[in-house]
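One structure below.
We did not get these values from a lab; they are worked out from the coordinates using the rules stated. Keep in mind that this is a model prediction, so the values were computed, not measured. Here the Cβ is made from the backbone with ideal geometry for all residues, glycine too, and neighbour counts use every protein chain on show.
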Amino acid sequence: MRHVIVIGAGQAGSSCVAKLRNGGFDGEVTLIGAEPVPPYQRPPLSKAYLMGEMALERLYLRPEAFYQDNQITLRTDAEVTAIDLSSKSLRLGTETLHYDDLVLTTGSVPRKLPASIGGGLDGVFVVRDLADVDAMAPRFQARKKILIVGGGYIGLEAASVAAKLGLEVTLVEMADRILQRVAAPQTSDYFRALHRSHGVNILEGVGLDRLIGEGTVRGARLSDGTELEVDFVIAGVGIMPATALADAAGLDIENGIKVDAMGRTSAPHVWAAGDCTSFPYHDGRIRLESVPNAIDQAEVVAENIMGAGKAYISKPWFWSDQYDVKLQIAGLNTGYTEVVSRIGDGQTASFWYYRDGGLLAVDAMNDPRAYMIGKRLIEAGKSADPAIVADATADLKPLLQA
């Protein structure tokens, strides 16, 4: 009987095995995860779950019974230590498992602060998995002093939760502005103002020199010489694709596990999907760190294991929740030359990215209509008249028929 093994029990891994069964695959299916719990949602970890608004069971992507009911062998708290491509096998503890098709959905790992600057002190956290959030949650107490290192979306989301819970929040960003790597200055300005209105102390163009403490972090010295008293620290300084297992097996790595449009790696019968992969996109290759990409790419891989011969065509979109603001992003803004602002009432706004007159992406804050119209335009390869976009009183819907 044909055996498909999926390594990595996150969003992509869970989506892959579900699609195999929903698509009629009748062979063996094994899903292996390093964590001791079934596959779960990660986005609510640093928001609803951390705030105590979501129970653990509600995090689960599917009920625990789903896997048994669908004859999916779920191996939790299990680590694959090696893959042998020649024998189509892998090492799981003292066991050797054989596969006919192998899918790597190993996700990503957070960058940590170097031990040389105090990153190894107790009270220094990253936000990536359930254990991370469970470890830091008891420290989220009113009037505690938290330092957040990194002004990307992870850092800003953590800052919003901390501020809502009454902590004293300082966020430092070494670049000139928050969100510099991923967004236009207009979006940075919007979120800087939002956080400062909630009491967050945002310091830009300032790095972390070192953390201070004996065993446990008690303070921080910044690159401008400022010293802060802190109770704990969250590092939101980016993530890296989890490629160690694939690299050791001899698979091609290029900003992630290199796959073709079908999701195939450089080795026969080995596939990959999700955060850990780089894949063809337009005239180059990209790696996307998003839930929609993890789901869609993993489902295409499952279909191709069953013989579909289907290319994965990415339609990038993302989101972030901060305070009462929902940011929705459609498209990729890489290479933009112009940004058109559409400012509504209150906290409603959207920023539209153009290159040579063509619409690339939209950042929409509390404006689902602008997001949806922008997304449909981008996916259809259409643009939008900047003058109409800039007029907050103009109806955007006719742009879809233009």
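Arranged from fewest to most other beta-carbon atoms within 10 Å of their beta carbon, Phe279, Phe140 become Phe140, Phe279.
If you run the Gaussian network model on the chain, springs between alpha carbon atoms under 10 Å, then out of Ile32, Ile257, Ile117 the most flexible one is Ile117.
Our summary gives the chain a relative contact order of 13 percent, counting only alpha carbon pairs under 8 angstrom and 6 or more residues apart. The 3J(HN,Hα) values that the Karplus relation (6.51, -1.76, 1.60; θ = phi - 60°) gives for the range 341-354 are, in residue order, 9, 10, 9, x, 7, x, 9, 7, 7, 8, 10, 10, 9, 10 Hz. Gly and Pro appear as x.
Taking the fewest neighbouring Cβ atoms within 10 Å as the starting point, the ordered list for Trp319, Trp271 is Trp319, Trp271. When its C-alpha radius of gyration is set against 2.2 N^0.38 Å (N residues), the range 112-235 gives a value of 0.99. With each label modelled as a point 7 angstrom along the Cα→C-beta vector, the Asp283-Ser197 pair spans 4.2 nm. From the alpha carbon centroid of the range 306-329 to that of the range 351-402 is 17 Å. If R₀ is 25 angstrom, what is the calculated FRET efficiency for the pair Lys315 and Thr337, using the beta carbon separation as r and rounding to 0.05? E(calc), rounded to 0.05, equals 0.65.
log₁₀ I(q)/I(0) of the range 175-279 at q = 0.10, 0.19, 0.23 Å⁻¹, via Debye over equal Cα point scatterers, no solvent, to two decimals? Each listed q maps to, in turn, -0.53, -0.93, -1.13.
When the chain is treated as a GNM with alpha-carbon contacts under 10 Å, the residue of Ser14, Ser89, Ser197 showing the greatest mean-square fluctuation is Ser197.
Of Val217, Val103, the sequence from fewest to most neighbouring Cβ atoms within 10 angstrom is Val217, Val103.
So in the chain, what percent of DSSP beta bridges are antiparallel if you round to the nearest 5? The antiparallel fraction comes to roughly 60 percent.
Take every pair of alpha-carbon atoms less than 8 Å apart whose residues are at least six positions apart; their mean separation over the length of the range 324-400 yields a relative contact order of 30 percent. When DSSP beta bridges are restricted to pairs lying wholly in the range 112-235, around 30% turn out antiparallel. Going Cα to Cα from Lys145, which lysines come in below 18 Å? Please leave out same-chain ones fewer than 8 positions away. In chain and number order, the partners are Lys164. The residue list Tyr99, Gly358, Gly119 was ranked by how far each Cα lies along the charge dipole of the chain toward its positive end, using unit charges on Cβ atoms, and Gly358 comes out on top.
Under a cut-off of 16 Å between alpha-carbon atoms, report the aspartates and glutamates in cross-link reach of Lys19, not counting same-chain residues fewer than 8 places apart. Partners within reach: Glu28, Asp69, Asp101, Asp296, Glu299, Glu303. Answer rounded, prolate or oblate for the range 215-363, using the Cα gyration tensor with square roots of eigenvalues a ≥ b ≥ c: rounded when a/c is under 1.5, else prolate when a/b is larger than b/c, else oblate. Judged from the Cα gyration tensor, the range 215-363 comes out oblate (a/c at least 1.5, b/c at or above a/b). In this model, which of Lys144/Lys258; Lys47/Lys382; Lys88/Lys112; Lys47/Lys375; Lys112/Lys382; Lys112/Lys315 are farther than 32 Å apart at the alpha-carbon? With Cα atoms farther than 32 Å apart: Lys144/Lys258; Lys47/Lys382; Lys88/Lys112; Lys112/Lys382.
May I ask for the distance between the Cα centers of the range 192-261 and the range 81-122, given as a whole number of Å? Answer, in whole Å: 22. In the chain, Rg over Rh equals 0.98, where Rg is the alpha-carbon radius of gyration and Rh the Kirkwood radius from pairwise Cα distances. Here the relative contact order of the range 112-235, from alpha carbon pairs under 8 Å that lie six or more residues apart, stands at 32 percent. Annotation: extensible slack from Arg91 through Ser116 equals 5.6 nm (criterion: 0.36 nm per residue apart, minus Cα-Cα distance). When the convex hull of the Cα atoms of the range 354-402 is projected onto a plane and the area is averaged over all directions, what value comes out in nm²? Over all viewing directions, the range 354-402 projects a mean Cα-hull area of 3.2 nm².
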